[in-house]
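A.B. asks: This is the structure I want to talk about, given as structure tokens.
The values are calculated or read from the model by the stated rules, or taken from the named source; none is laboratory data. Not measured: the values here are computed from a predicted model. Ideal geometry is used to build each Cβ from the backbone, glycine not excepted, and the neighbour counts take in all protein chains shown. The area values use the complete protein model at the heavy-atom level, side chains included, leaving out ligands, DNA and RNA. Shrake-Rupley method; radii C 1.70, N 1.55, O 1.52, S 1.80 Å.
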Amino acid sequence: MKQKQLSILAASLVAAFAANVASAGQIQSSSSAIAHEVIVNDAQAVSAPPVSYRFAGDIDATLVSQTFQIQLVLASGTFATAGNASAITLVDANGVGIPYTKYTVTTPTLSADKKVLYANVTFPQSAGTTFVTPAVRFNDTVTNTGVVVAPPGAGGPGSNGTAGVAATVSGLYTLVGAVQPCTNTIPTLGVAFKHFANVTSTAQADDVLNANAANEHQRSGSTNNGTLFTFPTNLSLGLTAASVNLARVDPSTGNTLFKGTAAASVLPALNGFRSTTVAQLGSITVKQDANGSDSGSNTVYAVASGVTFGANAATKTTGVVELKSYDIAITASQGFAVGSTVGLSTTADTYTAPASGAILSPAVTSTTGNTITFSNTTLTAAELAAPLYVFYTIPGTSVVPVSTFSATATLTKAAGTTTYLNEQNNSCTKPLAGLVGGVKVDVRNYATSKNQGWASYIRLINPSETNTATIYGQLIHSDGSYGGWGQITTLAPRAAANFSSTQIDALLTGTPVTNGTGYVAGAVAPVAQGLGERLRVTAEGVSALKVQNYLLNGSNGNFIEASSSQGVDFDSSTDRAYDSQLNDQDAQRGLAK
């Protein structure tokens, strides 16, 4: 019997709690998305969007007048202006506007710290003035217009003849900060609602002096906090590296040409090798990631809204992107081949020289230095939105440095004036496809998994600060023939990994090929021949790789490092080996795939 009574009591408590929550006041903020780029300083004032709050209690002025105070409290930033009384309106439980003749609103006021906007609302005593769970609206610029409109007989707000003016908010740059390269978080500005019943003063009410069980924001289960603004970064620069059939420097030509497989790209993946003299490095695209509005309007800040170059007061808040220039810099880690060119094209796989005045500038010829820069100040919106494909063309007569490439793309915005606020720049720097085949290391004292006694443990280190290394290996048998090959691993920038010879041999399952006269394909698997076999290691995407070889004798536990008995990584563009070792220790060829 007691258990049954407890169950009934528990059910009653749950029902009571649910009813209490259902009847609690609820904020209904219509948060506005403002593009991060258009917030440039703290003095900038942006119109606040509407904020509504649905009461849990009723307003009943049938027998006695009712006066209450409503407040909006900013979590950050400040109110620059308070708006006017006509922008504060009320609606009934069905969402129908309460006639303006039923209530009055005092002039909205700001607190001393400008964090709080408040006003008193009074419903004079009048028969039939009862409104069940009404809602109050801040920043309503629609209901009241500049023309007096009497409330219709069937109900409705009408217009008091004074157009509603919304409050404005400033101090936003401190909240959102500078637009960062490539990726950004979405800052938000929170707002809270407070309601104080039965006030008798127009001064700012507070939770201590005006404590009242009827205060909506203090009811149990009320939802008083909402979002006033979100600030997404609308534009970004999408930089994508070619990832399939990358161009390789061909050592058989003295490193003057590329080699690879020329196949059509299956977008969005790009093929790197286009011909023995042309490599496709990647693509650059201006992307529309979000639809935040321009400041002072409901128009999306977007390339599609228009593009203009230079400060233009007529378009400063109409969604148009105001540019100074569109700038792209292509950097080669070890420089470009002498006499080579870098060009941008709107077609994938085939470089198409741009028409005069269109899509940045014609291909730039490299002479000295590691960076080539493009800039344009006359692009249309359509040209700006078009993907640009990066092509590297070599003359075929000069040595090609085995470089990794990166691109920095920047939408440089026009400078501001006293009547015109500039916008924040969008930029991004990311790697493009690198030339591959430049790192070839022979581990000369390699003990395979077939060896009796000694076993190798290989440590691979990617010294690059920016590029991922894709690492391959191949056995070289003691008779000089090529053995099995395969991908060992990928290493992130600065990453390292250890592998036993047992693990590595199991990955070398690719069938070798005869790589020219005298270079014969051999068996895939290692053979039992002591320390006769070697391991050739190559890396793609980087211009350097560190390889260490440790030998462990499983019989007696002896452990030695044999790294000094191997070829070293060197940069063919400088003809200098790393760690002051001679470059003739490096392997002379890549893998025989």
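A.B. asks: Determine the pairs where a residue that is at positive phi and modelled with pLDDT under 90, located within the stretch 256-285, has a partner that is basic (K, R) and part of a loop (DSSP other than H, G, I, E, B) with Cβ atoms under 6 Å apart, the partner being 6 or more residues away or on another chain.
C.D. replies: From the stretch 256-285, no pairs qualify.
A.B. asks: I would also like to ask the following. Select from the stretch 93-110 the residues that are part of a loop (DSSP other than H, G, I, E, B), in contact (Cβ under 8 Å) with a residue 40 or more places away in the chain and crowded, with 16+ Cβ neighbours inside 10 Å and write down the one among them that is nearest to the chain's Cα centre (by Cα).
C.D. replies: Selected residue: P108.
A.B. asks: For the stretch 40-56, what are the residues that are farther than 20 Å from G83 by Cα and in contact with a Ser or Thr (Cβ under 7 Å, 6 or more places away or on another chain)?
C.D. replies: Residues satisfying the conditions are R54, F55, A56.
A.B. asks: Still on this structure, I have one more. Kindly indicate which of A163, A178, A150 is more than 28 Å from A75 (Cβ to Cβ), touching a residue at least 60 places away in the same chain (Cβ under 8 Å) and surrounded by fewer than 17 Cβ atoms within 10 Å (Cβ to Cβ).
C.D. replies: Going through A163, A178, A150 in turn, the sole match is A163.
A.B. asks: Still on this structure, I have one more. Search the stretch 461-470 for residues being surrounded by fewer than 23 Cβ atoms within 10 Å (Cβ to Cβ) and not hydroxyl-bearing (S, T, Y), and hand back the single one that is nearest to V520 (Cα to Cα).
C.D. replies: I461
A.B. asks: Scan the stretch 17-30 and tell me whether some residue there is in a loop (DSSP other than H, G, I, E, B), out of contact with any helix residue (DSSP H, G or I) (no Cβ under 9 Å at 6 or more places or on another chain) and at pLDDT below 95.
C.D. replies: First, the residues of the stretch 17-30 that are in a loop (DSSP other than H, G, I, E, B): 23-25, 30.
Imposing the further condition that a residue be out of contact with any helix residue (DSSP H, G or I) (no Cβ under 9 Å at 6 or more places or on another chain) reduces the set to 23, 30.
Remaining after also requiring at pLDDT below 95: 23, 30.
There is at least one residue in the stretch 17-30 that is in a loop (DSSP other than H, G, I, E, B), out of contact with any helix residue (DSSP H, G or I) (no Cβ under 9 Å at 6 or more places or on another chain) and at pLDDT below 95.
A.B. asks: Could you pull out the residue among L90, L63 that is buried (at least 23 other Cβ atoms within 10 Å of the Cβ) and either out of contact with any helix residue (DSSP H, G or I) (no Cβ under 6 Å at 6 or more places or on another chain) or at pLDDT below 95 (or both)?
C.D. replies: Step by step, each of L90, L63 is checked, and only L90 is buried (at least 23 other Cβ atoms within 10 Å of the Cβ) and either out of contact with any helix residue (DSSP H, G or I) (no Cβ under 6 Å at 6 or more places or on another chain) or at pLDDT below 95 (or both).
For (1) more than 21 Å from Y326 (Cβ to Cβ); (2) of a type in the set (D, E, K, R); (3) buried (at least 19 other Cβ atoms within 10 Å of the Cβ), each residue gets a yes or a no:
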| position | (1), (2), (3) |
| --- | --- |
| S243 | yes, no, no |
| V249 | yes, no, yes |
| N255 | yes, no, yes |
| A264 | yes, no, no |
| F273 | yes, no, yes |
| A279 | yes, no, yes |
| D289 | no, yes, no |
| S293 | yes, no, yes |
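A.B. asks: Another question, then. Is it true that Q487 is touching a His at 6+ places or on another chain (Cβ under 9 Å) and of a type in the set (S, T, N, Q)?
C.D. replies: No: the conditions fail for Q487.
A.B. asks: What residue, of A455, A492, is touching a strand residue (DSSP E or B) at 6+ places or on another chain (Cβ under 6 Å) and open to solvent by 20 Å² or more (accessible area, probe 1.4 Å)?
C.D. replies: A455
A.B. asks: Inspect the stretch 120-137 for any residue being open to solvent by less than 60 Å² (accessible area, probe 1.4 Å) and touching a Pro at 6+ places or on another chain (Cβ under 9 Å) and give the result as yes or no.
C.D. replies: no
A.B. asks: Condition first: more than 13 Å from Y457 (Cβ to Cβ) and buried (at least 21 other Cβ atoms within 10 Å of the Cβ). Now tell me which residues in the stretch 545-562 satisfy that.
C.D. replies: L545
A.B. asks: Residues of the stretch 45-60 being hydrophobic (A, V, I, L, M, F, W, C) and touching a helix residue (DSSP H, G or I) at 6+ places or on another chain (Cβ under 8 Å), which ones?
C.D. replies: V46, F55, A56
A.B. asks: Mind listing whichever residues of the stretch 210-241 are among the aliphatic types (A, V, I, L, M) and open to solvent by 30 Å² or more (accessible area, probe 1.4 Å)?
C.D. replies: Scanning the stretch 210-241 gives A211, A213, A214, A241.
A.B. asks: May I ask you to list pairs of residues, at least six apart or on different chains, whose Cβ atoms are under 6 Å apart, with the first in the stretch 514-532 being loosely packed, with under 14 Cβ neighbours inside 10 Å and the second being modelled with pLDDT of 60 or more and in a loop (DSSP other than H, G, I, E, B)?
C.D. replies: T514/V520; A528/K450; Q529/S478
A.B. asks: Name the pairs whose Cβ atoms lie under 6 Å apart, with the first residue in the stretch 225-246 and farther than 27 Å from P187 by Cβ, the second open to solvent by 40 Å² or more (accessible area, probe 1.4 Å), and 6 or more positions between them or separate chains?
C.D. replies: Listed by first residue and then by second, the contacts come to A241/P431; N245/G260; N245/T261.
A.B. asks: May I ask you to say which residue of R536, R494 is at pLDDT 80 or above, of a type in the set (K, R) and in contact with a Leu (Cβ under 7 Å, 6 or more places away or on another chain)?
C.D. replies: When all the criteria are applied, what remains is R536.
A.B. asks: Please go through the stretch 146-184 and pick out each residue that is among the hydrophobic types (A, V, I, L, M, F, W, C) and in contact with a helix residue (DSSP H, G or I) (Cβ under 7 Å, 6 or more places away or on another chain).
C.D. replies: If we filter the stretch 146-184 for residues that are among the hydrophobic types (A, V, I, L, M, F, W, C), which is where we start, we get 147-150, 154, 163, 165-167, 169, 172, 175-176, 178-179, 182.
The answer is A163, V165, A166, V176, V179.
A.B. asks: Got a number for residues in the stretch 124-150 being closer than 20 Å to D58 by Cβ and in a loop (DSSP other than H, G, I, E, B)?
C.D. replies: Looking only at that region, the number is 9.
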